[in-house]
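Q: One structure coming up, written as structure tokens, with questions to follow.
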Amino acid sequence: MSESPPPEALPVIGASMAAFAALAAQGSFAVNNHGGQALLKPIRELVAWIDSERVNLELLRQEAKLGTSANAQVMKPYLQKVASDDQGFLTQVLKLRESLLDAEQAILQAMASYEASDEQSARRLGDG
């Protein structure tokens, strides 16, 4: 039977998105409006879905109605833990939401970088 890795070894949701946002803020890459909108649409849709389902998702924190058997009594707290502890489903969904918002900002920054670069190139062509 294999042991699960310690929590510090597990990938952290958002770490790569933070790097992505940092690169966008530095102007390391640019995205045109069409490409940016194509990226923003699913991000915004997923954030909207998470927001719209928040009440339903929070129900997972409640004790499951499994009855009074010994097995049910063992499973009830386990199910709550799986839903809402540090590595739980709800915790990770909320971290995903934060990561998506970071991605949105990074894409907007990359779009602004593209626009600035495009304007600068157009000015150079006009000067030449």
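The values are calculated or read from the model by the stated rules, or taken from the named source; none is laboratory data. Values in this document were obtained by computation on a predicted structure and should not be read as measured data. Cβ coordinates were reconstructed from backbone atoms using ideal geometry, including for glycine residues, and neighbour counts include every protein chain displayed. Note: accessible area is taken over every heavy atom of the protein model, side chains too, but ligands, DNA and RNA are not part of it. Shrake-Rupley method; radii C 1.70, N 1.55, O 1.52, S 1.80 Å.
Q: I'd like the residue in segment 24-43 that is in contact with a Phe, Trp or Tyr (Cβ under 8 Å, 6 or more places away or on another chain) and assigned to a loop (DSSP other than H, G, I, E, B) and, out of all such residues, is farthest from residue 106 (Cα to Cα).
A: The qualifying residue farthest from residue 106 (Cα to Cα) is 32.
Q: To continue, here is another question. Any idea which of (1) under 30 Å from residue 26 (Cα atoms); (2) charged (D, E, K, R); (3) surrounded by 14 or more Cβ atoms within 10 Å (Cβ to Cβ) is the one residue 118 doesn't satisfy?
A: Among (1) under 30 Å from residue 26 (Cα atoms); (2) charged (D, E, K, R); (3) surrounded by 14 or more Cβ atoms within 10 Å (Cβ to Cβ), the lone unmet condition for residue 118 is (3).
Q: Would you be able to say whether some residue in segment 46-67 is touching an Asp or Glu at 6+ places or on another chain (Cβ under 9 Å) and at pLDDT 90 or above?
A: Checking segment 46-67: at least one residue is touching an Asp or Glu at 6+ places or on another chain (Cβ under 9 Å) and at pLDDT 90 or above.
Q: Does segment 104-114 contain any residue that is open to solvent by less than 90 Å² (accessible area, probe 1.4 Å), closer than 26 Å to residue 18 by Cα and outside any helix (DSSP H, G or I)?
A: No, segment 104-114 contains no residue that is open to solvent by less than 90 Å² (accessible area, probe 1.4 Å), closer than 26 Å to residue 18 by Cα and outside any helix (DSSP H, G or I).
Q: I need the full set of residues from segment 64-96 which are assigned to a helix (DSSP H, G or I), among the charged types (D, E, K, R) and open to solvent by 60 Å² or more (accessible area, probe 1.4 Å), in order please.
A: Across segment 64-96, the qualifying residues are 81, 95.
Q: Considering only residues of segment 16-63 that are open to solvent by less than 90 Å² (accessible area, probe 1.4 Å) and among the acidic types (Asp, Glu), which is farthest from residue 117 (Cα to Cα)?
A: My answer is 58.
Q: Determine whether segment 3-14 contains at least one residue that is open to solvent by less than 40 Å² (accessible area, probe 1.4 Å) and either in a helix (DSSP H, G or I) or at pLDDT 85 or above (or both).
A: Among the residues of segment 3-14, not one is open to solvent by less than 40 Å² (accessible area, probe 1.4 Å) and either in a helix (DSSP H, G or I) or at pLDDT 85 or above (or both), which makes the answer no.
Q: For a quick check of your reading of the model, give me the residue pairs whose first member lies in segment 14-30 and is touching a residue at least 12 places away in the same chain (Cβ under 8 Å), whose second is open to solvent by 50 Å² or more (accessible area, probe 1.4 Å) and part of a loop (DSSP other than H, G, I, E, B), with beta-carbon atoms closer than 7 Å and at least 6 apart or on different chains.
A: 23/29
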